[in-house]
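Undergrad: Before I ask anything, let me first share the structure, which is written out below as structure tokens.
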Amino acid sequence: MLPISLSITIDRADARTLPVQLADRIRSAIDDGDLQPDSRLPSTRALSVDLGIARAVVEKAYEQLVAEGWLDARRGSGNYVRRIPRAPRSIAMASSAHTTPRTPPRISLRPGIPWTPPSASDAWKRAWRDVGNTPPPGDYPDSTGTLELRTRVADLLRRARGLHTTPGSIVITTGSIHGLDLALGALSAAESVEHVLALENPGYKSAAALATHRGWSLHDVPVDRDGLIVEQLDSTPPRTPAVYVTPSHQYPTGAFMPIGRRRALADWAHSNDSMIIEDDYDSEFRYGVAPLPTVAELAPDRTVYLGTVSKTLGAGIRLGWMVAPRSMVDRISATRRVIGDHPSVPVQHAMTSILRDGEWDRAVRTARRLYRARDRLVAAALARFGELRGVGAGLHTVLILDSAAARDVATSCAARGVDVPTLEHSTRSHTARGGIVVGYGSVSDDELDYAISILVEGLEATLLS
């Protein structure tokens, strides 16, 4: 397909930067129907010559449009116009007028649901073509996962998280909760273990639900702006075998556990002969400083490290990994063989292909650019209303509020078609602090703009009236 010609002018007197101008022009042409779906855009070199601008300007504009989902970057072929649904534009128009659309679709700011870059979809298709060229597995697979995938995961963890491990310490799972289930099962098999799991409050409800389902008692440990309060672990019952934490971006408050507290947690685990279950669910997304060392790197013999693809390629793929001491890996492997809990070989082959070809890194970089912009937008809009947590990382930001005020704001927003969770949804026992959780991963830019305008109006009515 030949590239189309673009009737675009650049105004050097415009206050906007050249990449922003160019992206805006192309975005408007797509939205107005001047550029049809599947149209191929000029190459960055050709368009830079036509417009008399640097090629880097065109590259930056194209990258932004790909990140936003307007363009589809096809390796070796060029940039193509994607099919853009029209509903979000009507929402944006209604937002600019500060009125509620006549029939607005509901917008959910639920945290933890990612935006999947268009390039990831193409990468997934290519990966499955690779799978199709491999023979079907003729026997039950390795219960810890294929050696090829475990080797790639070990390399990823070393590069991305500074976690030095080996394929022999890695178990492929269907996600973080499956990894938690395997870890609790291995701990249950140990002698003289009280089935008590210490975990953050507020915290990840699915983790609490799983532990309860498996017959474990829960011991809630409060969190503050630095995450789980390690000193509070001293109140746990004697011989508490495990503590579940999300230190890189506490779920849901967004707190970052500093290095001193991570070391204190590692010391507590050693002193109490306990295991730390570290859920590193969205550590790929940091927008300011580099991630802190994992707890698993600080205490490899006392930590089970959980990772997942759910925040990058999507939860429906059902794939993750755990890093654990070899003795625990052996117990988990033996149990999985007995009950036939084998990870899917084709899915593992596809993931191996994505890691091998650099598609994982490419998808993370693309998503990170989009999330960084949304993180800043949310922080700028909400900072005047109170303390923000989780800024600079992940897919959500938390505004700390009085619990009653948080409920009022959520109710006000819900009446106008915007669902905003509160911290109470993740709280299992009394907490003195409340707040609202603003997830920005799964919405479009226009939907986020509209939702934030409604949220700001609700905050103003509740806090400033």
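The values are calculated or read from the model by the stated rules, or taken from the named source; none is laboratory data. Model, not experiment: these values are computed from the prediction. Because the Cβ atoms are built from the backbone with ideal geometry, glycine has one as well, and the counts that use them run over all protein chains shown. Side chains are part of the model used for accessible areas, which takes the heavy atoms of the whole protein and leaves out ligands, DNA and RNA. Shrake-Rupley method; radii C 1.70, N 1.55, O 1.52, S 1.80 Å.
Undergrad: For Asp155, Asp72, Asp330, give me the order by solvent-accessible area with a 1.4 Å probe, most accessible first, ignoring ligands, DNA and RNA.
TA: Asp330, Asp155, Asp72
Undergrad: Also, I was wondering about something else. Roughly speaking, to the nearest percent, how much of the chain's 1.4 Å accessible area is carbon and sulfur?
TA: Taking all protein chains in place, the chain shows 52 percent carbon and sulfur surface.
Undergrad: Further question: Give the residues of the stretch 47-68 whose amide nitrogen is closer than 19 Å to a point set 7 Å from the Cα of Asp11 in the direction of its Cβ.
TA: Answer for the stretch 47-68: 51-53.
Undergrad: Compute, for the stretch 148-230, the length of the dipole vector about the Cα centre, with Cβ point charges of +1 (Lys, Arg) and -1 (Asp, Glu) only. Units Debye, rounded to 20.
TA: 420 debye
Undergrad: Let me check I've understood the local charge: for Arg356, count other residues with C-beta under 10 angstrom from its C-beta, Lys and Arg +1, Asp and Glu -1. What total comes out?
TA: Residues close to Arg356 contribute a combined charge of -4.
Undergrad: Here's a follow-up. So if a site counts as exposed when it's one of the GluC sites (Glu not before Pro), its DSSP state isn't H, G, I, E or B, and it has at most 13 other Cβ atoms within 10 Å, what's the longest stretch of the chain without one? Please report the intermediate quantities before stating the final value.
TA: On the way: sites that count: Glu191, Glu194, Glu387.
After excluding every exposed loop site, the longest remaining stretch is 195-386.
Undergrad: Only Cα pairs under 8 Å and at least 6 apart count here; give the relative contact order of the chain as a rounded whole percent.
TA: That works out to 20 percent.
Undergrad: On average, how much accessible surface per residue is there in the stretch 204-351, in Å², for a 1.4 Å probe, leaving out ligands, DNA and RNA?
TA: Result: 38 Å² of accessible area for each residue.
Undergrad: Let me ask another. Name the shape class, rounded, prolate or oblate, that the alpha-carbon gyration tensor gives for the chain, where a ≥ b ≥ c are the square roots of its eigenvalues, rounded holds for a/c under 1.5, and otherwise prolate holds if a/b is larger than b/c and oblate otherwise.
TA: Judged from the Cα gyration tensor, the chain comes out oblate (a/c at least 1.5, b/c at or above a/b).
Undergrad: Give me the dipole magnitude in Debye, nearest 20, for the chain about the Cα centre, with unit charges on the beta carbon: positive for Lys and Arg, negative for Asp and Glu.
TA: Computed charge dipole of the chain: roughly 940 debye.
Undergrad: Given the Cα-Cα distance of Ser43 and Leu463 and 0.36 nm per residue of separation, how much length would full extension add, in nm?
TA: Numbers: separation 420, 0.36 × 420 = 151.20 nm, distance 5.06 nm.
Extra length available between Ser43 and Leu463 comes to 146.1 nm.
Undergrad: What nm value, rounded to one decimal, do you get for the distance between Asp50 and Asp122 when each label is placed 7 Å out toward the C-beta?
TA: 1.9 nm
Undergrad: If you average the C-alpha positions of the stretch 391-415 and of the stretch 217-274 separately, how far apart do those two centres end up, in angstrom?
TA: 25 Å
Undergrad: Using a cut-off of 27 Å between alpha-carbon atoms, which lysines can reach Lys125, once sequence neighbours fewer than 8 places away in the same chain are excluded?
TA: Of all the lysines, those that pass the test against Lys125 - Cα under 27 Å, at least 8 places apart if same chain - are Lys60, Lys311.
Undergrad: On to the next question. Can you list the aspartates and glutamates whose alpha carbon sits under 15 Å from that of Lys205, skipping same-chain ones fewer than 8 residues off?
TA: Straight-distance partners of Lys205: Asp181, Asp220, Asp279, Glu424.
Undergrad: Considering only DSSP beta bridges whose two residues both sit in the chain, what percent are antiparallel, to the nearest 5?
TA: Just about 55 percent of them are antiparallel.
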